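The values are calculated or read from the model by the stated rules, or taken from the named source; none is laboratory data. Since this is a predicted model, take the numbers as computed values, not measurements. Glycine also receives a Cβ, built like all others from the backbone with ideal geometry; neighbour counts cover every protein chain displayed. With ligands, DNA and RNA removed, areas are computed over all heavy atoms of the protein, side chains included. Shrake-Rupley method; radii C 1.70, N 1.55, O 1.52, S 1.80 Å.
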Amino acid sequence: MLFNSNAFYVFLPIVFLVYWTAPRKYRWGVLFVASYYFYMSWNVKYVALILLTTVVSYVTALLMERTKRKSLRKLYLTGALLISLGVLFFFKYYNFLSNSVTELLQRLAIPVQPHTLELMLPVGISFYTFQTLSYVIDVYRGEVKATRHFGKYATFISFFPQLVAGPIERTRNLLPQIEGEHTFNCEKAIAGAKLIAWGFFKKIAIADTISAYVNLIYDQLPERQGFSLVIATVFFAFQIYCDFSGYSDIAVGVAKLLDIDLMTNFSSPYWASSIREFWSRWHISLSTWFRDYVYIPLGGNRTKPWRHRLNLMLTFLASGLWHGANWTYVLWGGIHGLGQIVEDLFLRGEKKRSRKRTWYGVLLTFTFVCFAWIFFRANTVGDAWYVLTHMFTGIQAPFAYIRDGILAFRGSGAATGSGMATLLQALLGILLLLWYDFASLKRDVWSSLGKLWLPLRYLLYFALLFVILYSRQLGEYEFVYFQF
């Protein structure tokens with residue numbers, strides 16, 4: 001069930017009404033039923049997988065808490081990690097590993113055939129697996145206590161707003177809210193509705209609008225070259241940001257309707273003035289997860305310089321592999337890891353920067369991020385190399401170079417009118433997004449809008465709603481991160 005589907009537009013009001021009319025002590029049960037129904041709408045069979053990882057982590061936590069023997073606790077933890085990661089590996093990485101090994105052996109002149117399985121990746125498996133892993137690790141470390149109520153724990157793992165694409169919630173934040181009782185908060189519900197609207201704007205009016213152009217270029221690379229590759233790459237940077245942060249905004253907003261607070265997953269990442277700052281603003285729930293459960297256990301920065309840089313690289317390579325079973329994602333992670341290492345070498349000891357240096361840093365960081373996105377979006381490593389080697393073809397004639405790149409948009413087949421009109425709509429949406437993110441660095445934009453003259457405020461709200469409904473004629477597009 002997509003957030004931007006007609007089914008969800010019916011599902012959410014029903015859940016909202018049933019939740020708030022149910023007795024307080026049973027509201028977790030409404031969330032449990034709603035969450036499992038939401039997940040079963042994708043594929044009933046894969047409910048068994050989320051139940052398996054839920055049961056394994058629940059039982060493991062109880063067993064670890066009941067024994068004081070460190071060796072036995074470590075054995076329980078290892079077992080839970082092997083089972084949960086084993087399920088994730090089988091469905092997400094088995095075919096990738098089989099094909100990679102087969103290709104390597106064939107290059108060594110060893111005649112073997114790849115052995116692959118017809119597997120469909122269960123939606124959200126990477127997200128809920130990491131959430132269960134953080135729970136058992138936190139219990140092992142003694143940072144949280146194991147919960148006794150299986151139903152409430154299962155609801156914590158399957159909470160439908162963030163189940164299939166995050167944010168990856170921590171036990172200390174979400175589980176106590178699931179276990180507690182809630183009272184309807186009108187102000188929080190209104191704030192949630194505004195976030196939902198903004199999320200839909202980013203997803204439908206921006207991401208879905210430019211996705212046709214991005215797909216046209218990147219899926220037909222031998223026919224494309226020059227400035228069209230540059231535009232497609234920059235557009236993809238905004239497509240994936242608006243698609244994923246749009247989902248997160250909707251998820252956080254829906255949770256607020258239920259008086260539950262989820263963590264912020266994005267915070268104006270394209271205004272970051274360094275790669276390190278970018279990762280403190282991009283997919284925050286995942287980056288902090290890798291920091292706490294991979295980077296710090298490896299030694300973090302409290303070790304020798306060479307080991308610190310190795311820890312950075314290993315963490316980002318793991319992050320890249322988490323995103324998908326393809327070498328393009330591994331290279332994307334490696335590029336960001338290398339970028340942080342180089343940045344650490346050249347900017348060490350620099351505590352303050354001038355305003356000019358900050359703006360230069362924003363532009364340089366965004367350029368670097370777009371360069372890395374080429375590998376993330378390309379279907380193969382060869383495609384990424386093609387983009388890099390052909391994106392400046394024809395630049396010796398700047399006018400024709402820019403003109404041909406823009407005119408290539410006409411072939412996108414967008415349903416919102418002519419290609420140029422769609423391009424203009426996308427550019428206006430991106431400019432509004434950049435203004436919103438920049439303003440958000442210093443203040444709460446929605447609170448500021450709430451102080452405007454009432455007629456003007458509602459005019460803006462209705463304009464936002466109109467743009468969303470107008471753009472929705474493009475159709476229902478799946479969220480990019482559902483494939484991860």
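Heavy-atom accessible surface of Leu449, to the nearest 10 Å², is about 40 Å², with a 1.4 Å probe and all protein chains retained.
Could you provide, to the nearest whole Å², the per residue accessible area of segment 18-103 with probe 1.4 Å? Working shown, then result.
Working: 4680 Å² over 86 residues.
Solvent-accessible surface per residue comes out at 54 Å².
Each Cα pair under 8 Å and six or more residues apart adds its sequence gap; the mean of these over the residue count of the chain is a relative contact order of 18 percent. Here segment 215-361 has 58 percent of its accessible surface on carbon and sulfur atoms, given a 1.4 Å probe and all protein chains in place.
Under 20 Å of direct C-alpha separation, and excluding same-chain neighbours fewer than eight residues apart, Lys202 reaches these lysines: Lys194, Lys256. Each peptide in 151-159, 24-32, 395-403 was scored by the mean count of other Cβ atoms within 10 Å over its residues; highest first, the order is 151-159, 24-32, 395-403.
Each part reduced to its alpha carbon centroid, segment 47-80 and segment 8-33 end up 30 Å apart.
Phi-derived couplings, Karplus 6.51 cos²θ - 1.76 cosθ + 1.60 at θ = phi - 60°, listed residue by residue for segment 291-299: 4, 7, 10, 10, 4, 5, x, 6, x Hz, with x used for Gly and Pro. Going 7 Å from the Cα of Thr393 in the Cα-to-Cβ direction, what parts of segment 217-239 have a backbone nitrogen less than 13 Å from that spot? Backbone N within reach: 220-230. Using the Kyte-Doolittle scale, find the helices of the chain whose mean hydropathy is at least 0.0 and whose Cα atoms extend 18 Å or more along the helix's long axis, counting only whole DSSP H runs. Within the chain the helices that satisfy the rule are 6-21, 27-40, 47-66, 70-107, 125-141, 186-200, 227-257, 305-323, 327-347, 355-377, 419-440, 454-471.
By the rule of a C-alpha distance below 19 Å, with chain neighbours fewer than 8 residues away ignored, the lysines paired with Lys145 are Lys68, Lys70, Lys74.
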